Amino acid sequence: LRHVIPDTVPDVHSGEFYLSCDYGTLNPTSVGLWHLSGDGYATRIREYYYDARKEEHSRTDEEHYAALEQLAGDIAVECVVIDPSAASMIACIQRHGRFRAIPANNEVLTGIQLVSDLLQQDKLRFCRCCADIRREFQQYCWNDSAAGDAPRKEHDHAMDDMRYFVSTVVCRKETDSFCVLSAARTQP
């Protein structure tokens, strides 16, 4: 996969760092630590993935939060982009006060298209240590029995956290530019 790069930690003084989270209690919780460079390259440098069904034990919000803190380490993170339906986890993040939690843009088809565009432009990369997102890339597929276009709701948790990050942060930054014009008024 041409988007997989060697494990590196970018200079903490260059670009910005973000966490993206797809939260689940029985379904897996997936969190990615992303570096967004000034020239628009987004790199997943580390991840946390916990599947309660596979582990046969659920984790609390506090346990997931501790993992989030460990994932970030001493890196200054701009915010946690999180599944908007994860109200209890959003409250937990806010209660601790270290990170700002932002509900993610959850428009699925638009988000998939944005991710696809970034992949085609080679602007989305993944460190080799991010095994769960690489595994899900191989397992992600469309739901053929759905009425419209929709991905199958399995093997999609790292895919969802990536989509949240791309839709809410990367592509928002590309459209945040604006121009202010000023024109002198002439008297008739």
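The values are calculated or read from the model by the stated rules, or taken from the named source; none is laboratory data. Source: prediction; values computed, not measured. Using ideal geometry, Cβ is built from the backbone for each residue, glycine included, and neighbour counts are taken over all protein chains shown. Side chains included, ligands, DNA and RNA excluded: accessible areas come from the protein's heavy atoms. Shrake-Rupley method; radii C 1.70, N 1.55, O 1.52, S 1.80 Å.
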Self-check item: Listing of helices (runs of 4 or more DSSP H) fully contained in segment 84-188 that carry 3 or more residues being of a type in the set (G, A, S) and at pLDDT 85 or above
Solution: 87-96
Self-check item: segment 16-60: number of residues that are part of a loop (DSSP other than H, G, I, E, B) and either within 16 Å of the chain's Cα centre (by Cα) or among the polar types (S, T, N, Q) (or both)
Solution: 10
Exercise. Return a yes/no flag: does segment 29-45 have any residue that is out of contact with any helix residue (DSSP H, G or I) (no Cβ under 7 Å at 6 or more places or on another chain) and among the polar types (S, T, N, Q).
Key: yes
Quiz item: among the small types (G, A, S), farther than 21 Å from R2 by Cα, touching a Phe, Trp or Tyr at 6+ places or on another chain (Cβ under 8 Å) and open to solvent by less than 40 Å² (accessible area, probe 1.4 Å) - does that describe any residue in segment 28-37?
Solution: yes
Quiz item: Of all residues in segment 93-138, which are open to solvent by 80 Å² or more (accessible area, probe 1.4 Å), in contact (Cβ under 8 Å) with a residue 40 or more places away in the chain and over 21 Å from Y49 (Cα atoms)?
Solution: E107, L109
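Would it be correct to say that V12 is among the hydrophobic types (A, V, I, L, M, F, W, C) and open to solvent by 40 Å² or more (accessible area, probe 1.4 Å)? Show your work before the answer.
Values: among the hydrophobic types (A, V, I, L, M, F, W, C): yes; open to solvent by 40 Å² or more (accessible area, probe 1.4 Å): yes.
It is true that V12 is among the hydrophobic types (A, V, I, L, M, F, W, C) and open to solvent by 40 Å² or more (accessible area, probe 1.4 Å).
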